[in-house]
1. Taking a probe of 1.4 Å, how large is the accessible area per residue of segment 185-230, in Å²?
2. Report the GluC sites (Glu not before Pro) located in segment 52-133 that are in a DSSP loop and have at most 13 other Cβ atoms inside 10 Å of their Cβ, or state none.
3. Which shape class, rounded, prolate or oblate, goes with segment 58-125 when its Cα gyration tensor gives a ≥ b ≥ c as root eigenvalues, a/c under 1.5 marks rounded, and past that a/b bigger than b/c marks prolate?
4. Is the shape of segment 78-202 best called rounded, prolate or oblate, per the rule: a/c under 1.5 gives rounded, else a/b larger than b/c gives prolate, else oblate, with a ≥ b ≥ c the square roots of the Cα gyration tensor eigenvalues?
5. What nm value, rounded to one decimal, do you get for the distance between THR102 and ASN223 when each label is placed 7 Å out toward the C-beta?
6. Contour minus end-to-end for ASP69 and ASN135, with contour as 0.36 nm per residue of separation and end-to-end as the Cα-Cα distance?
7. What FRET efficiency do you get for ARG211 and LYS83 if R0 is 30 Å and r is their Cβ-Cβ distance, rounded to the nearest 0.05?
8. What whole-number volume per residue, in cubic angstrom, does the convex hull of the C-alpha atoms of segment 156-207 give?
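The values are calculated or read from the model by the stated rules, or taken from the named source; none is laboratory data. Worth saying up front: this structure is predicted, and the values here are computed from it rather than measured. Because the Cβ atoms are built from the backbone with ideal geometry, glycine has one as well, and the counts that use them run over all protein chains shown. For the accessible areas, the whole protein counts, side chains as well, though only heavy atoms, and no ligand, DNA or RNA atoms are used. Shrake-Rupley method; radii C 1.70, N 1.55, O 1.52, S 1.80 Å.
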Amino acid sequence: MGLFGFGKKRAKKQAEEAVEESKDVEKSTEQSDQTSQADRDETAAEQDEAEQSGKGPWDSLDSEAPDTDEYLDIGALMLPFLKGSELRLKANSQTGDVLGATITYGSSSLELEPFAAPKSLGLWDEVRADLLKANPSCKEVDGVFGKELTLPVKVKGKNLLTRVVGVDGPRWMLRGIFSGPAAKGGKEKDVLDGYLADLVVVRGDEPLAPRDLVPMHAPITPNQRRGEAEDSESKDDESAQIPGRPEGPFDSDQQTEVKTTLSRGPMFSEVR
């Protein structure tokens, strides 16, 4: 009996030790799972940050910016080609200055306006706060390009939803206003979001006050740019050659003739 009783105590002790070991294993597993989840969350955050940092719109001086050889040049903006889209420019009727560009795709549109911004601070936070304060129906949401706004507007008596996006770059801020289906979701939103992400901003060196529009101009196509480059090269080649240059050493009369030709050249080019 005594031996049997001792065996029961030993079995009980072993059972208790097994329970404690099981608890330790569960605790260790839980801590490992928490650590693994934290690592996964950190990795995901780093990936999201990397993806966001590699997303446009781009600055023209960015080494990772897309090649703009086939882009449409309107000054402050280099616009990618989008099949089935139309471009409209908004201009001042008196001065002819270009004030903005609108890309229409399907039933949606994207209005683009590039503004000058301070060197050290972004401008979108400030502009977004102003819009929220001025429009009680305006709402702030998280979007593809960060914080953006949804803003109902009245057009011909109808309330239409718009989506206002702002992107800060080096000394510029680009504002995009999406309307139509692109303000809500679906294929047209994805297409125009991609269009905005591929766009390149050319800030230039011109001193501008914050919130001033970065200058734009009438569109210049890739073929026009190539033609201008070829014409420029051709003129450089022509200017390097002296028309009617005589052979052999110059005498006094020949030197006078060449000098007269060169001095009249710029006058002729001004008339042209």
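1. Details: 2510 Å² over 46 residues.
Per residue, segment 185-230 has an accessible area of 55 Å².
2. Working: sites: GLU64, GLU70, GLU86, GLU111, GLU126; in loops: GLU64, GLU70.
Of the GluC sites (Glu not before Pro), the ones in loops of segment 52-133 whose Cβ has at most 13 other Cβ atoms within 10 Å are GLU64, GLU70.
3. Details: a/c = 1.66, a/b = 1.15, b/c = 1.45.
Oblate, since a/c reaches 1.5 and b/c is not below a/b.
4. Numbers: a/c = 1.25, a/b = 1.03, b/c = 1.21.
Rounded shape, in that the Cα axes give a/c under 1.5.
5. For the pair THR102/ASN223, the computed spacing is 2.7 nm.
6. Working: separation 66, 0.36 × 66 = 23.76 nm, distance 4.05 nm.
Length gained, ASP69 through ASN135: 19.7 nm.
7. Numbers: r = 34 Å, r/R0 = 1.13.
The pair ARG211/LYS83 has a calculated efficiency of 0.30.
8. Working: hull volume 5.2 nm³, N = 52.
So the per-residue Cα hull volume is 100 Å³.
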